[in-house]
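Novice: Please see the structure below; I have some questions.
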């Protein structure tokens with residue numbers, strides 16, 4: 001196959017090997033005429049997003065943000081509700097342990113007295129020290145006990161009583177009584193022996 005001597009530039013034209021000196025070099029880029037005005041598509045690309053497109057994007061972001069925040073609040077409320085159940089369970093089990101040791105429950109007129117540092121439950125290490133007197137929803141726990149029984153109560157989520165409403169713990173129930181996600185099925189400490197923890 002003959003070699004084309006015109007591939008490097010016009011000064012290689014020799015008139016031989018099939019090379020025409022009047023033709024431009026194949027290396028020379030063809031000259032094209034450009035219009036001074038850009039096409040409509042180019043103008044649209046240069047302009048960027050339209051106002052309508054930005055509004056649609058912002059609306060989508062707002063909807064996703066709202067859904068995410070709602071789910072975050074729901075998960076947070078459930079976590080606080082379960083924590084409240086755990087805290088009342090600790091106190092209830094401490095009262096049950098006291099009954100097993102002494103044959104009666106201690107007399108407490110309030111929940112605060114049960115978890116106080118001078119409480120018999122704390123002194124006998126039946127419950128942990130420095131337990132909160134408020135639930136995770138920043139409302140006070142309610143409770144009282146006599147020699148025969150006790151009752152502990154959480155008021156639940158004030159902003160969502162339907163899903164996370166009040167619940168109570170009493171001896172001999174075996175369950176948390178309320179309407180929250182774990183109510184009616186949460187395990188409770190076994191009732192003390194003897195009278196079975198039945199209210200009198």
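Novice: Give me the pairs, please: first residue somewhere in the range 118-130 and in contact (Cβ under 8 Å) with a residue 40 or more places away in the chain and on the phi > 0 side of the Ramachandran plot, second residue anywhere and part of a loop (DSSP other than H, G, I, E, B) and surrounded by fewer than 20 Cβ atoms within 10 Å (Cβ to Cβ), beta-carbon distance under 7 Å, and either six or more positions apart or on two chains.
Specialist: The qualifying pairs do not exist here.
Novice: OK, next. Suppose we filter 94, 68 for residues that are within 33 Å of the chain's Cα centre (by Cα), assigned to a helix (DSSP H, G or I) and either modelled with pLDDT of 90 or more or surrounded by 11 or more Cβ atoms within 10 Å (Cβ to Cβ) (or both); which single one remains? Please lay out each step first, then the result.
Specialist: On the way: 68 fails: either modelled with pLDDT of 90 or more or surrounded by 11 or more Cβ atoms within 10 Å (Cβ to Cβ) (or both).
Criteria check complete, one pass: 94.
Novice: Related question: Exactly one of (1) under 14 Å from residue 98 (Cβ atoms); (2) surrounded by fewer than 18 Cβ atoms within 10 Å (Cβ to Cβ); (3) under 31 Å from the mean Cα position of the chain (by Cα) is unmet by residue 125. Its number?
Specialist: (3)
Novice: Would you check if there is a residue in the range 106-116 being part of a loop (DSSP other than H, G, I, E, B), at pLDDT 90 or above, out of contact with any strand residue (DSSP E or B) (no Cβ under 8 Å at 6 or more places or on another chain) and over 19 Å from residue 78 (Cβ atoms)? It would help to see each step written out before you state the result.
Specialist: Step one: list which residues in the range 106-116 are part of a loop (DSSP other than H, G, I, E, B), which gives 106-107, 109-110, 116.
Within this subset, residues satisfying the condition of being at pLDDT 90 or above are 106-107, 109-110, 116.
Keeping just the survivors that are out of contact with any strand residue (DSSP E or B) (no Cβ under 8 Å at 6 or more places or on another chain) gives 116.
If we keep only those that are over 19 Å from residue 78 (Cβ atoms) too, we end up with 116.
The answer is yes, given that some residue of the range 106-116 is part of a loop (DSSP other than H, G, I, E, B), at pLDDT 90 or above, out of contact with any strand residue (DSSP E or B) (no Cβ under 8 Å at 6 or more places or on another chain) and over 19 Å from residue 78 (Cβ atoms).
Novice: If you don't mind, there's one more thing I want to ask. Evaluate the range 130-144: report whether one residue or more is more than 30 Å from residue 74 (Cβ to Cβ) and loosely packed, with under 15 Cβ neighbours inside 10 Å.
Specialist: Just the residues of the range 130-144 that are more than 30 Å from residue 74 (Cβ to Cβ), to begin with: 144.
Add one more test, that the residue is loosely packed, with under 15 Cβ neighbours inside 10 Å, and what stays is none.
No: zero hits.
Novice: In this structure, is residue 124 in contact with a helix residue (DSSP H, G or I) (Cβ under 9 Å, 6 or more places away or on another chain) and modelled with pLDDT of 90 or more?
Specialist: Answer is yes for this residue.
Novice: Mind telling me which of the residues 97, 78 ends up being within 25 Å of residue 157 (Cβ to Cβ) and either in contact (Cβ under 8 Å) with a residue 12 or more places away in the chain or out of contact with any helix residue (DSSP H, G or I) (no Cβ under 8 Å at 6 or more places or on another chain) (or both)?
Specialist: Details: 97 fails: within 25 Å of residue 157 (Cβ to Cβ).
Just one listed residue meets the conditions, 78.
Novice: In this structure, is residue 57 farther than 30 Å from residue 156 by Cβ, surrounded by 11 or more Cβ atoms within 10 Å (Cβ to Cβ), within 34 Å of the chain's Cα centre (by Cα) and at pLDDT 70 or above?
Specialist: yes
The values are calculated or read from the model by the stated rules, or taken from the named source; none is laboratory data. For clarity, every value in this text was computed on a predicted model and none was experimentally measured. Because the Cβ atoms are built from the backbone with ideal geometry, glycine has one as well, and the counts that use them run over all protein chains shown.
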